[in-house]
Amino acid sequence: MTHWFHRNPLKATAPVPFNFYGVTTSPAAAKICNDLRSSRAQILELFTDLSCNPEMMKNATDMYFSFLQGFIVSLDNSSQDCKLRYIQNFKWTDTLQGQVASAQQDAVFELVSMGFNVALWYTKYASRLAGKEDITEDEAKDVHRSLKIAAGLFKHLKDSHIPKLITPVEKGRDLEARLIDSYIIQCQAEAQEVTIARAIELKHNPGLIAALAYETANFYQKADQMLSSLDPAYTIKWRKYLQLKTSFYMAYSYCYHGQTLLASDKCGEAIRSLQESEKFFVKAEALCKEYGETKGPGTTAKPSGHLFFRKLGSLVKNTLEKCLRENGFIYFQKVPPEAPQLELKANYGLVEPIPFEFPALHAHWTPETLAAFDLTKRPKDDSAKPKPEEEVKPLKEPDIKPQKDSGCQIS
């Protein structure tokens, strides 16, 4: 089954020349600046290159981050800031707040902003792959792994690097904890969607599928709650997505829980579970329509038209009809007025982020190279200071709408 995922836009950034005329006093120091400039430009190009894969992105980001670390960490591994940390200004926009840019003269700000975009790229790569026709088992594994890498990178930024920023994170901006947590949880939930599709294809125990769907719905609900206190002007479309996925996977959970109850000869309870599934599916259908009509940052789509959505509707309808037939011929059980309480816990298939670490300092950073950056020779009219008039152009992102769905199962 092809999947559909909501995606917010990538962050955009102003060009960074890394030109420190007079400050770099050796060819080795000048070369590091050239390497920083070229490796940064390469990553920005790869963000919008449809042929880019995770291996290409990892090679490019490892190169850039290994050079950038020389502006942040001490060569002797002490806790002191590197003398170059505040030498260059960096400007980045926000995924939700359009082209409103933030600027900080801090290499840590560049590290977390670029890292954030790299994590977003992994989610967009996963989305493009998951929306393909005839997705292979290896491609499904790539989707699953890419989402776990993204979650791990977001978590690493939140835990280890964003707290080191000198300038406090503004409320509602990308680097704030609530937004980062929402991205982490969404990645985990979407990776579990791949697990659920696999479990359905291989006809695993309905109880396991119901439990996985319930855990996934809870993930989406938690991500939505994280955004509830933020400005709806920026988050409403994203929240509609999280809410419809919550309802969608609650419908899945009640549907497969109903199958489990029927297999245990609890046909009355199975009917009530399927009725609850139908209720959540109708709610998800309404939210799909609202999502399509809601303006805001992110992808444009009509999710109710996708096969992954229509297929669940048919499954709920057919399973409920089967339960009603069985009850009319065999069981004659009373249908409870209250829906069964789902206290399901999945023992398998739950997704955890893949731990992430930035690469080690590049070998070109030596005490001699660092000493060749002479900050006493910085010009008084420092060109590295913020330029308010400098425009940050949005990245021209490739179209990531899912292709026509053939109905093939993701595997």
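Things to note:
- Only lysines eight or more places from Lys164 in sequence, or on another chain, were considered; those with a Cα closer than 22 Å are Lys11, Lys83, Lys91, Lys155, Lys385.
- Spin-label proximity, Lys334 to segment 253-277 - amide N less than 13 Å from point 7 Å beyond Cα toward beta carbon: 268-269
- Structural descriptor for segment 188-295: relative contact order 28 percent, calculated from alpha carbon pairs under 8 angstrom and at least 6 residues apart.
- Whole-Å semi-axes of the ellipsoid equivalent to segment 47-90 (Cα gyration tensor, √5λ, descending): 28, 13, 5
- Among the listed pairs Lys148/Lys245; Lys171/Lys237; Lys245/Lys345; Lys58/Lys171, a Cα-Cα separation exceeding 27 Å is found for Lys58/Lys171.
- Leading residue at positive end of dipole, the chain (Cβ point charges), from Ile330, Gly22, Trp92: Ile330
- R0 of 51 Å, Cβ-Cβ distance Lys83-Glu201: FRET efficiency to nearest 0.05: 0.35
- Think of segment 147-199 as a dipole: +1 on every Lys or Arg Cβ, -1 on every Asp or Glu Cβ, centred on the Cα centre; then among Ile180, Gln192, Gly152, Gly152 lies furthest on the positive end.
- The trypsin sites (Lys or Arg not before Pro) found in segment 210-295 that occupy coil by DSSP, while having at most 10 further C-beta atoms within 10 Å, are Lys295.
- Straight-line cross-link reach from Lys317 at under 17 Å between alpha-carbon atoms covers these lysines, not counting any fewer than eight positions away in the same chain: Lys279, Lys283.
- The chain - convex hull of the alpha-carbon atoms, volume per residue in Å³: 140 Å³
- Here the spin labels are modelled as points 7 Å beyond Cα on the Cα-Cβ line, and at Ile166 and Arg325 they lie 7.2 nm apart.
- In segment 63-181, the alpha-carbon atoms span a convex hull of 124 Å³ per residue.
- Label-point separation in nm, Asn34 to Thr376, each point 7 Å along Cα→Cβ: 2.8 nm
- Ranked order, Glu357, Glu193 - accessible area, probe 1.4 Å, largest first: Glu357, Glu193
- Dividing the convex hull volume of the alpha carbon atoms of segment 168-212 by its residue count gives 58 Å³ per residue.
- Average Cα contact separation per residue, the chain, under 8 Å, 6 or more apart, as relative contact order %: 29 percent
- Scaled radius of gyration (Cα, divided by 2.2 N^0.38 Å) that segment 128-235 gives: 1.25
- Eligible aspartates and glutamates near Lys393 by straight Cα distance, threshold 16 Å, same-chain separation 8 or greater: Glu45, Asp94
- 222 nm mean residue ellipticity, helices alone, for the chain (DSSP H n ≥ 4; -39,500 (n - 2.57); rounded to 500): -18000 deg cm²/dmol
- Paramagnetic reach from Leu75 in segment 28-50 [backbone N under 15 Å; point 7 Å along Cα→Cβ]: 28-33
The values are calculated or read from the model by the stated rules, or taken from the named source; none is laboratory data. These numbers come from a predicted model, not from an experiment. Positions of Cβ are generated from backbone atoms using ideal geometry, with glycine treated the same way; all protein chains shown enter the neighbour counts. The area values use the complete protein model at the heavy-atom level, side chains included, leaving out ligands, DNA and RNA. Shrake-Rupley method; radii C 1.70, N 1.55, O 1.52, S 1.80 Å.
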